[in-house]
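See structure below.
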Amino acid sequence: MWKQLKNLQNLHKICTRTYLSQAYQCTEAWNARLNTPILQKINLEKYLFELDQKFQQQGKFSCIDIDICCNKLLDDTYIDELFDILHKLRMTMETSNTADSTHHAVVRNLITMGKYEELLQILNDPLNFGIFLDTFSANLLLDTLTESQNFTFATKVATILMLQEDFGNDITKALSLLACWKYLQNPEPFEKPVEAPQAPAETEVKPKKKPEEVKVRVKYVRNPFFDEHFDLRDPQQLVGKTLYYLGMHLPNSVANSVQILGLALFGKFEKGLNLVSTLKDGQEIYSEVLVKSLEILKGIEKAEETPSLQEFAEAIEAKKPKLKLIEGNFEEEIQKMITQGIAKCEKEDIASQTQLYEKWCKDRDDSLNEELLRLRRAQALKDIEKATKEMETEEQKLWFFENEDKIDLQIEGKKIYYPKRWFGKKKKPRVQDEGYVPPEITAKRN
């Protein structure tokens with residue numbers, strides 16, 4: 001019975017409709033990597049153990065080893081071990097040689113397992129893990145998250161793409177825009193707040209002890225710096241900058257609407273005021289997006305209100321009658337953009353990705369052969385050095401009496417002579433009288 005239920009769950013996953021077609025998954029081309037001789041021979045458990053031993057002895061990894069592990073990962077049994085070796089690789093100089101197939105394998109395998117939270121954890125921390133999205137894996141991830149109604153995670157993916165400053169093709173842009181728009185309808189924090197443990201109820205109120213003041217000596221104090229990009233942590237500002245960046249790569253009617261909304265969320269009211277002032281009379285703009293922008297501006301707390309905020313809101317209200325407002329549903333327009341983007345890019349993406357999968361398999365074979373050749377050369381050099389030392393030792397034994405004087409001189413030259421030390425009583429230095437005047441010496445006459 002349980003087996004039947006499991007099959008039904010798998011069937012549900014297969015039959016779930018997504019924006020991207022089944023052909024876009026390139027499943028056959030992706031699974032073909034498992035038929036290569038390299039991955040067929042690998043036992044992942046033993047291989048991970050050997051890699052750990054190698055790192056403890058040498059303090060480094062080879063990128064081809066990590067690529068093999070990431071491509072061989074088929075279930076969630078060794079996810080923690082995978083994250084550990086990715087972090088260790090990131091801490092070494094070899095991280096600059098990480099293969100493109102490694103990034104793609106990590107993202108795609110975690111999508112297949114449904115480990116979205118773990119995936120976003122490593123994507124959101126490139127400093128420690130060094131995993132980045134490519135266009136194809138970003139499309140697969142956005143498509144899966146939007147169809148599962150997980151718009152918070154999908155929006156987080158869109159913000160990560162914004163930080164990379166790469167929205168790929170039209171499919172990526174449309175799916176990112178849909179995720180952000182749906183997220184704004186029911187915004188949630190990207191990270192779950194940590195609940196503080198509840199203190200046990202006490203009958204008597206104990207006086208709180210004054211905490212001891214701890215002073216720490218620092219070499220220098222850094223001046224506060226905020227780059228308005230990688231330092232962004234507030235979800236509203238991240239979504240705002242993502243929408244503003246998306247608006248730079250979209251058609252005019254959508255671009256202006258999205259940019260105004262993005263600047264309102266991002267808190268860049270002066271930029272928004274300048275953008276509204278540059279809109280021409282009769283220019284198309286979506287009414288629903290303008291209304292949403294005004295709601296956001298009015299929802300900002302009075303403590304945070306600035307003259308530029310009020311001017312931005314007033315400029316939108318004043319400009320509305322002069323613009324050509326599109327009263328249609330903005331989400332329907334985004335759906336059209338997704339359909340157009342898929343029709344434009346799907347075939348090209350499938351063809352290029354299929355070629356990439358074949359290229360990655362070939363590159364993996366070539367890299368492994370190069371690594372084996374390098375190891376053989378290194379071992380051959382060690383063997384030659386060992387044989388040379390053994391021959392020199394044997395030569396010394398055979399010609400010892402002929403070279404006895406020479407050997408004695410070498411031994412004598414290796415001796416270290418230390419200066420002699422006096423272990424008796426030390427004499428006190430004479431004290432010189434500063435007022436002493438030496439007598440005059442005169443010659444005696446006979």
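Observations
- The residue of the range 413-446 that is most open to solvent (accessible area, probe 1.4 Å), among those that are small (Gly, Ala, Ser) and assigned to a loop (DSSP other than H, G, I, E, B), is Ala443.
- Per-region count, the range 331-383, residues over 16 Å from Asp143 (Cα atoms) and buried (at least 17 other Cβ atoms within 10 Å of the Cβ): 9
- Of all residues in the range 64-83, those being open to solvent by 20 Å² or more (accessible area, probe 1.4 Å), under 19 Å from Trp30 (Cβ atoms) and assigned to a helix (DSSP H, G or I) number 2.
- Residue that is farthest from Thr339 (Cα to Cα), among those in the range 173-192 that are open to solvent by 50 Å² or more (accessible area, probe 1.4 Å) and charged (D, E, K, R): Lys192
- Residue match in the range 334-344 (condition: touching a residue at least 12 places away in the same chain (Cβ under 8 Å), in contact with a strand residue (DSSP E or B) (Cβ under 9 Å, 6 or more places away or on another chain) and assigned to a helix (DSSP H, G or I)): no
- Among the residues listed as Lys88, Lys3, the single one being part of a helix (DSSP H, G or I) and at pLDDT below 90: Lys3
- Residues that are closer than 17 Å to Phe83 by Cβ number at least 3 in the following helices (runs of 4 or more DSSP H) confined to the range 110-170: 116-123, 126-129.
- Per the conditions (1) under 26 Å from the mean Cα position of the chain (by Cα); (2) in a helix (DSSP H, G or I); (3) not hydroxyl-bearing (Ser, Thr, Tyr), the sole criterion not satisfied by Phe61 is (2).
- Filtering the range 84-111 to residues that are open to solvent by 30 Å² or more (accessible area, probe 1.4 Å) and more than 25 Å from Glu28 (Cα to Cα) leaves Asp84, His87, Lys88, Arg90, Met91, Met93, Glu94, Thr95, Ser96, Asn97.
The values are calculated or read from the model by the stated rules, or taken from the named source; none is laboratory data. Just so we're clear, the structure is a prediction, and the values are computed from it rather than from any experiment. With ideal geometry, Cβ positions are generated from the backbone for all residues, glycine too; neighbour counts draw on all protein chains shown. To get the accessible areas, we keep the full protein, side chains included, count just its heavy atoms, and leave off ligands, DNA and RNA. Shrake-Rupley method; radii C 1.70, N 1.55, O 1.52, S 1.80 Å.
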